[in-house]
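These notes concern the structure reproduced below.
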Amino acid sequence: ERYSVFDFLGGVPKDYKLDEDVTAEEAKKFVLTNTHRYIPKFALLNKKNKISWNWGAFLFPCGWMFSRKMYKNGILTGLLLLASSILNLPFANIISSRYLDEAESYAQLAQNIYEALPDIGITVLIFAFLGFILELGIRIFAALFGDYIYKGFAISSIKKIKETSEDIEYDYQRKGGSNFFLLI
């Protein structure tokens, strides 16, 4: 009889200690989705090695955090992204009101913007640059440290559940896992 076995722990032994009080098996029950990616990452990440790359966190930093139920981090990230958008707003308004309709192609739009840079004003350009740097910094930080932050969130949540829960399995599913709709 043939059957296939999928390793939900990604090669990490189920009794491997991710923390003093949390095993890979417990983390698997909390993470629920995409465990074959996260559990090996959690095993590699520690106080000396905090960096990995997470494309979901880079492309959708706020949405990724919300989808992983890290609501406080998601709100903070969302506020920082909002600030970056506000910094970009004057530049975007000038470009859209003056140059977007005139351009017949993206190349023409880029040429129009380039020619208009001296007339836009240094303050608007500085704010736009700061907004761009802030957004890029948020995305890179989320991509590099997102898995480490998620590991810390998962471990602290698991510990709290183990201390206070009357139905641990239910609370792992309720407080852990992912929510695809929050990603959107």
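Against the longest principal axis of the chain, how steep is helix 71-98, in degrees 0 to 90 to the nearest 10, with axes from Cα atoms?
Between the helix axis and the principal axis of the chain, the angle is about 20 degrees.
Classify region 98-146 as rounded, prolate or oblate from the Cα gyration tensor: take a ≥ b ≥ c as the square roots of its eigenvalues, call it rounded if a/c is under 1.5, otherwise prolate when a/b beats b/c and oblate if not.
Oblate, since a/c reaches 1.5 and b/c is not below a/b.
Determine the per residue accessible area of the chain with all protein chains present and a 1.4 angstrom probe, expressed in square angstrom.
64 Å²
Is the shape of region 38-142 best called rounded, prolate or oblate, per the rule: a/c under 1.5 gives rounded, else a/b larger than b/c gives prolate, else oblate, with a ≥ b ≥ c the square roots of the Cα gyration tensor eigenvalues?
prolate
Would you look at the GNM of the chain, springs on alpha carbons closer than 10 Å, and say which of Pro40, Pro90, Pro118 moves the most?
Largest GNM mean-square fluctuation: Pro118.
Given the peptides 107-115, 68-76, 130-138, arrange them by the average over their residues of other C-beta atoms within 10 Å, most packed first.
Packing proxy ranking, top to bottom: 68-76, 130-138, 107-115.
Any idea of Ser96's accessible area? Nearest 10 Å², probe 1.4 Å.
Near enough 50 Å² of accessible area.
Could you order Val31, Val5, Val12 so the one with the most accessible surface comes first? Probe is 1.4 Å.
If we order Val31, Val5, Val12 from most to least accessible, we get Val5, Val12, Val31.
Quantify, in whole percent, the carbon and sulfur part of the accessible surface of the chain (1.4 Å probe; protein heavy atoms only).
62 percent
Is the shape of the chain best called rounded, prolate or oblate, per the rule: a/c under 1.5 gives rounded, else a/b larger than b/c gives prolate, else oblate, with a ≥ b ≥ c the square roots of the Cα gyration tensor eigenvalues?
Prolate, since a/c reaches 1.5 and a/b exceeds b/c.
Taking the alpha-carbon distance from Lys151 and a cut-off under 19 Å, which aspartates and glutamates remain once sequence neighbours fewer than 8 residues away in the same chain are dropped?
Asp15, Asp19, Glu20, Asp21, Glu25, Glu26, Glu163, Glu169, Asp171
Quickly work out the Phe141-to-Leu59 label distance, labels modelled 7 Å from Cα along the C-beta direction, and quote it in nm with one decimal.
Result: 2.3 nm between the two label points.
Under the 0.36 nm per residue contour assumption, what length would be gained going from the current alpha-carbon distance of Arg37 and Ser96 to full extension?
That works out to 17.1 nm of additional length.
Over the chain, calculate the relative contact order: mean separation of alpha carbon pairs under 8 Å at least 6 apart, over the residue count, as a percent.
Relative contact order of the chain: 35 percent.
The values are calculated or read from the model by the stated rules, or taken from the named source; none is laboratory data. Owing to the predicted nature of the structure, the values given are computational and were not obtained by experimental measurement. All Cβ positions, glycine included, derive from the backbone under ideal geometry; neighbour counts span all protein chains shown. Accessible surface is based on the protein model in full, side chains and every heavy atom, while ligands, DNA and RNA are left aside. Shrake-Rupley method; radii C 1.70, N 1.55, O 1.52, S 1.80 Å.
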